[in-house]
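We did not get these values from a lab; they are worked out from the coordinates using the rules stated. Please read all numbers here as calculations on a predicted model, not as lab measurements. Because the Cβ atoms are built from the backbone with ideal geometry, glycine has one as well, and the counts that use them run over all protein chains shown.
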Amino acid sequence: MLNRRGALATFVTGLLASSLSRQAKAETGPMADPTEIIDLWPAGPPGGGAVTAVETLTERAAPGGLRDRALSHIRKPTLIVFRPKTPNGAAVVLTPGGGYERVVLDKEGYETARWLAGRGYTCFVLFYRMPGDGWTSGPDAPLQDAQRGLRLVRSRAAAMGFSPDRIAIMGFSAGGHVAASLTTRFAAQVYERIDAADDLSARPSLSALVYPVITMDPTFMHAGSRKQLLGAAPTPAQIDLYSPERQVTAELPPVFLLHAADDKAVPVENTLAMFTALKAKAIPTEMHVFEEGGHGFGLRFTKDKPVAAWPGLFETFAKRHGL
């Protein structure tokens, strides 16, 4: 039964990848989907024997609206590659949000990757697993994918035209928690070595956390993300381990922080707490809190708002720190 379920999951994942590739080939111009895909785990992700969820791609946009796709119950984690016409020698791994129930493709993934690629960055959109789908590693499943993804990107640096010492992680919302977890727990051994790529460091050269879920503390947590990650009644030890602001050490890379004060989904206190923790350890950090912007603005919901300045602010910060 488990073998049949695994075969079904692989078949469904293959259909999804094939569908995206066919769609990309049928489209033309800068908005076409990329067809270059890197599988994270050659023999499948670790700890998936009890996983039965079926990977599902959903189009959520209203008729005539901007494309808004989401991938849920991810069974085969991947990196989707966006290559720049003129590489600047740096790379960015993107972890879009989705409340730890799904990963959004367009708003925080592909659109951001296209913007960054237009400025010379080689970009990789990470489709990471959901912690509530039954993986043996539970809340560490997304971190496993983030560590493995960063190492695979680093292992391909020379071949793809960027420096292995100039790789950033950028995460949004719950994807911001994935990025913050990688930033603080890059050295944690959360999976067994697969190949030579795993001998490389998973530490990003720079981290950007955009309206991120940070804390698991009930005072200002994002309830949905915490429930998906840790269940209904996490222990104090779990709250501590999976709250990145409590895992900050002096070994962290520079961190860029961005939030809107009127965010009603993920309280701005998440970013404030991370900033305070970083400053306490003298980590180079820059925080921008805008009066207006709400949650999930990405690039598409910033028009005529001061928060529209954020991509340029990130680029300035990144260049100042060698990226």
Note to self: From the convex hull of the Cα coordinates of region 88-171, what is the mean projected area in square nanometres?
What the structure shows: 5.3 nm²
Notebook entry, point to check: Which entries in Lys264/Lys303; Lys279/Lys319; Lys107/Lys264; Lys227/Lys303 show an alpha-carbon gap greater than 23 Å?
Noted result: Lys227/Lys303
Check: So what is the diffusion coefficient of the chain in µm² per second by Stokes-Einstein at 20 °C and 1.002 mPa s, using a Kirkwood Rh over Cα pairs?
Finding: 109 µm²/s
Item checked: Sorted peptide list for 116-123, 244-251, 228-235, 91-98, criterion being average Cβ within 10 angstrom, highest first -> 91-98, 116-123, 244-251, 228-235
Notebook entry, point to check: Once whole DSSP H runs in the chain are found, which of them have Cα atoms spread over 24 Å or more along the helix axis and a mean Kyte-Doolittle score of at least 0.0?
Noted result: 2-26
Next item on the list: Report the relative contact order of the chain, percent, no decimals, based on alpha-carbon pairs under 8 angstrom and at least 6 residues apart.
Entry: 14 percent
Note to self: Below 11 angstrom from the Cβ of Leu229, what's the summed charge of the other residues (Lys, Arg +1; Asp, Glu -1)?
What the structure shows: 0
Note to self: For the chain, give me the percentage of DSSP beta bridges that are antiparallel, rounded to the nearest 5 percent.
What the structure shows: 40 percent
